[in-house]
Amino acid sequence: MFNGIIKYRGKVIKIIKGGKNITLFIKSNIFFKKNEIGSSISCSGVCLTLDKFNKNVAQFYLSRETLNRTNFKYIRINDIVNLEKSLVYGQRISGHFVQGHVDTTSTVKNIKKIGKSWEIYFTLLKKFSKFVVNKGSITINGVSLTIAKVKINSFMISVIPKTLKLTNLIKLKKNDIVNLEFDVLVKYIKNFVNK
């Protein structure tokens, strides 16, 4: 479980492809301990298991399912990844509860710069519109954000300068693909109501 508050970014320095799976090597300033091997790390919103680390380089294995469901199928050397360690019991929740289970991907439709903030518009398939509500929470590339506007086939978020500085959202441009995770509470409520 994560809270979508990103304090670290990492750079992809190596990718090893093996069949329909890949092993990813990410260089960052996160300090890992030996007992954290096997723990969950949010990598741009995807819950991955820390396989190994050597100084400031962490190694992750991505299965075919992960590649099919996320934007990691397009990952390249030098790409920037948002990183967050899993929560510790009693830790402050500044964002919202994030599982790291990506529901779908979305495409950047447009970016408007308003002063130092950005308004970013994303595509949304109709079948997912039931999970998106005005002023509700959503996770984009692992970042906990508030939905500012909902349209028929899209939604918009407003990103403040601090969030842009700390995350890979500042690298976004039109037609880029991002990972989306809808608010887990909305998903449970929707499922309950449907039954």
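The values are calculated or read from the model by the stated rules, or taken from the named source; none is laboratory data. Note that the coordinates shown come from a computational prediction; the quantities given were computed from them, not determined experimentally. Positions of Cβ are generated from backbone atoms using ideal geometry, with glycine treated the same way; all protein chains shown enter the neighbour counts.
Quick notes
- Hits in the stretch 1-49 - residues which are touching a helix residue (DSSP H, G or I) at 6+ places or on another chain (Cβ under 7 Å), farther than 21 Å from residue 97 by Cα and outside any strand (DSSP E or B): 20
- Taken together, 66, 105 contain a single residue that is within 21 Å of residue 21 (Cβ to Cβ), in a strand (DSSP E or B) and not basic (Lys, Arg), which is 105.
- Residues considered: 127, 116. Of these, the only one that is outside the structural domain of residue 44 (by TED's automatic domain parsing) and farther than 23 Å from residue 71 by Cα is 116.
- All of 78, 35, 68 fail the test of being over 14 Å from residue 141 (Cβ atoms) and touching a residue at least 60 places away in the same chain (Cβ under 8 Å), apart from 78.
- Any hit, the stretch 69-84, residues being in contact with a Phe, Trp or Tyr (Cβ under 7 Å, 6 or more places away or on another chain) and either surrounded by fewer than 17 Cβ atoms within 10 Å (Cβ to Cβ) or in a helix (DSSP H, G or I) (or both): no
- Hey, residue 130 of a type in the set (D, E, K, R), in contact (Cβ under 8 Å) with a residue 12 or more places away in the chain and outside any strand (DSSP E or B) or not: yes
- Filter result for residue 133 (modelled with pLDDT under 95, within 18 Å of the chain's Cα centre (by Cα) and either not assigned by TED's automatic domain parsing to the domain that holds residue 186 or not basic (Lys, Arg) (or both)): no
- Residues satisfying the stated conditions in the stretch 148-189, i.e. of a type outside the set (D, E, K, R) and surrounded by 20 or more Cβ atoms within 10 Å (Cβ to Cβ): 155, 159, 167, 168, 169, 172, 178, 179, 180, 182
- Only a single item in (1) under 18 Å from the mean Cα position of the chain (by Cα); (2) in a loop (DSSP other than H, G, I, E, B) is not met by residue 89, and it is number (1).
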